[in-house]
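Engineer: The following block contains the structure, expressed as structure tokens.
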Amino acid sequence: MSDVQTTDLALRGDNIVKRFGAVTALDGVSLTLGKGEILGILGDNGAGKSTLVKILTGFHQQTSGTLHVHGEETLLRSVDHARSLGIECVYQDLALANSLSIYHNMFLNREIVRRGPFRLVDHKQMRARAAQLLDDIGVHVPSVDLPVERLSGGQRQAIAVARAVNSNARILLLDEPLAAMGAREAALIIDLVLRLKEKGGLSIIMIMHNYAQTLDIADRIMLMQRGRVTYEARSANTSVAELMDIVRREYRAMREAAAH
Ligand SMILES: Nc1ncnc2c1ncn2[C@@H]1O[C@H](COP(=O)(O)OP(=O)(O)O)[C@@H](O)[C@H]1O
Ligand SMILES: [Mg+2]
């Protein structure tokens, strides 16, 4: 991406290394995320994908390497710090409060409070705003009063995404948003992400498992293996067959190494 200036990028990481004691989870990862772009990250379990996401959200700090956020070199000190720069993440476990209503979850820890001496939580306004926000991004639920535990996995994921976007996210990180979902549920989330992209102003990194879904949704893909980026391409310039071939070669090399 040498033709793109750093200032045109939402995110840029250079030579990111992350060690946990003796384990090197990231071994010099460089990446770029263009403004408005969807980047799909693929790779086996243990490749370092979640670790990379956790560095980009300020949850972990890299051992070495640099990050640029919206063109400025930045050390992300904490999740709150990253959030203040517009970086939001939806993790695998979603962190929704399952027994609470949809509208409550949308405003969790950011409740709308009425003016006046008692600072009462304004349920009426939160309800109306939640319904409006979900409608805006095309997420349909029977009622925002429903407890989240009554929703399907795909709907819950949609609520978690809506909540992240609602907090003025400019960079959205999704760690395996389609994990354990059937095709219909996955389609719901894929449609939601594409609508968010169309609305503009958002750059998205998605950690994915399924090659075909990734090539459908992402502008660009990155393959990670053992803490490194081993392949990168625009989705239009690669194929499921090519990706499978790369992974198969790696797998064979590992088997041969193990046999000797
Ligand atoms: N907090 C941690 N402490 C120690 N090792 C970790 C920690 N988080 C991840 N790892 C290790 O880092 C490597 C990459 O893990 P992870 O980023 O979760 O991979 P992925 O998301 O691609 O499956 C693995 O070997 C994992 O065991
Ligand atoms: Mg992971």
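The values are calculated or read from the model by the stated rules, or taken from the named source; none is laboratory data. Owing to the predicted nature of the structure, the values given are computational and were not obtained by experimental measurement. Here the Cβ is made from the backbone with ideal geometry for all residues, glycine too, and neighbour counts use every protein chain on show. Remember, those area values only see protein heavy atoms, side chains included, never the ligands or the DNA or RNA. Shrake-Rupley method; radii C 1.70, N 1.55, O 1.52, S 1.80 Å.
Engineer: Is at least one residue of the stretch 97-105 surrounded by fewer than 21 Cβ atoms within 10 Å (Cβ to Cβ), within 19 Å of the chain's Cα centre (by Cα) and not basic (Lys, Arg)?
Structural biologist: no
Engineer: Now for a separate question. Considering every residue within the stretch 251-260, establish whether at least one is in contact (Cβ under 8 Å) with a residue 24 or more places away in the chain and either within 30 Å of Arg163 (Cα to Cα) or in a helix (DSSP H, G or I) (or both).
Structural biologist: no
Engineer: Here's a follow-up. Within the set of pairs 6+ apart or on separate chains, which have a first residue in the stretch 25-39 that is within 15 Å of ligand 1 (Cβ to nearest atom), a second that is of a type in the set (Val, Ile, Thr) and outside any strand (DSSP E or B), and C-beta atoms under 6 Å apart?
Structural biologist: Ala25/Thr51; Leu26/Thr51
Engineer: Identify all residues within the stretch 35-64 that are out of contact with any Asp or Glu (no Cβ under 6 Å at 6 or more places or on another chain) and either farther than 24 Å from Ala160 by Cβ or of a type in the set (Val, Ile, Thr) (or both); write none if there are none.
Structural biologist: Ile41, Asp44, Gly46, Thr51, Ile55, Thr57, Gln61, Gln62, Thr63, Ser64
Engineer: Within the stretch 4-16, restricting attention to residues that are in contact with a strand residue (DSSP E or B) (Cβ under 8 Å, 6 or more places away or on another chain) and open to solvent by 20 Å² or more (accessible area, probe 1.4 Å), which residue is farthest from ligand 1 (Cβ to nearest atom)? If you could, list the steps in order and put the result at the bottom.
Structural biologist: So in the stretch 4-16, the residues in contact with a strand residue (DSSP E or B) (Cβ under 8 Å, 6 or more places away or on another chain) come out as 4, 6, 8-16.
Checking which are open to solvent by 20 Å² or more (accessible area, probe 1.4 Å) leaves us with 4, 6, 8, 12, 14-15.
Values: Val4: 26, Thr6: 25, Asp8: 28, Arg12: 20, Asp14: 19, Asn15: 17 Å.
My answer is Asp8.
Engineer: Taking the stretch 79-96, which residues are under 18 Å from Lys35 (Cα atoms), touching a residue at least 60 places away in the same chain (Cβ under 8 Å) and open to solvent by less than 40 Å² (accessible area, probe 1.4 Å)?
Structural biologist: Matches in the stretch 79-96: Gly86, Ile87, Glu88, Cys89.
Engineer: If you don't mind, there's one more thing I want to ask. Looking only at the stretch 68-78, which residues are under 18 Å from Lys18 (Cα atoms) and open to solvent by less than 50 Å² (accessible area, probe 1.4 Å)?
Structural biologist: His68, Thr74, Leu76, Ser78 - these are the residues of the stretch 68-78 that are under 18 Å from Lys18 (Cα atoms) and open to solvent by less than 50 Å² (accessible area, probe 1.4 Å).
Engineer: If we keep just the residues of the stretch 173-204 that are touching an Asp or Glu at 6+ places or on another chain (Cβ under 9 Å) and within 19 Å of Ser50 (Cα to Cα), which is surrounded by the fewest Cβ atoms within 10 Å (Cβ to Cβ)?
Structural biologist: Among them, the one singled out is Ser203.
Engineer: If you don't mind, there's one more thing I want to ask. Take Leu76 and decide whether it is modelled with pLDDT of 95 or more, more than 16 Å from ligand 2 (Cβ to nearest atom) and not in a strand (DSSP E or B). Reasoning before the result, please.
Structural biologist: On the way: modelled with pLDDT of 95 or more: yes; more than 16 Å from ligand 2 (Cβ to nearest atom): yes; not in a strand (DSSP E or B): yes.
Answer is yes for this residue.
Residues checked against (1) buried (at least 16 other Cβ atoms within 10 Å of the Cβ); (2) outside any strand (DSSP E or B); (3) more than 10 Å from ligand 2 (Cβ to nearest atom):
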site	(1), (2), (3)
Thr24	yes, no, yes
Gly28	no, no, yes
Leu31	yes, no, yes
Leu39	yes, no, yes
Leu42	yes, no, yes
Gly46	no, yes, no
Leu52	yes, yes, no
Thr66	no, no, yes
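Engineer: What number goes with the only condition from (1) among the aliphatic types (A, V, I, L, M); (2) closer than 30 Å to Ala241 by Cα; (3) more than 16 Å from ligand 2 (Cβ to nearest atom) that Ala169 does not pass?
Structural biologist: (2)
Engineer: Let me ask you something else. Quick check on the stretch 117-125. Is at least one of its residues within 27 Å of Leu52 (Cβ to Cβ), in a loop (DSSP other than H, G, I, E, B) and either open to solvent by 70 Å² or more (accessible area, probe 1.4 Å) or of a type in the set (D, E, K, R) (or both)?
Structural biologist: Taking every residue of the stretch 117-125 in turn, none turns out to be within 27 Å of Leu52 (Cβ to Cβ), in a loop (DSSP other than H, G, I, E, B) and either open to solvent by 70 Å² or more (accessible area, probe 1.4 Å) or of a type in the set (D, E, K, R) (or both).
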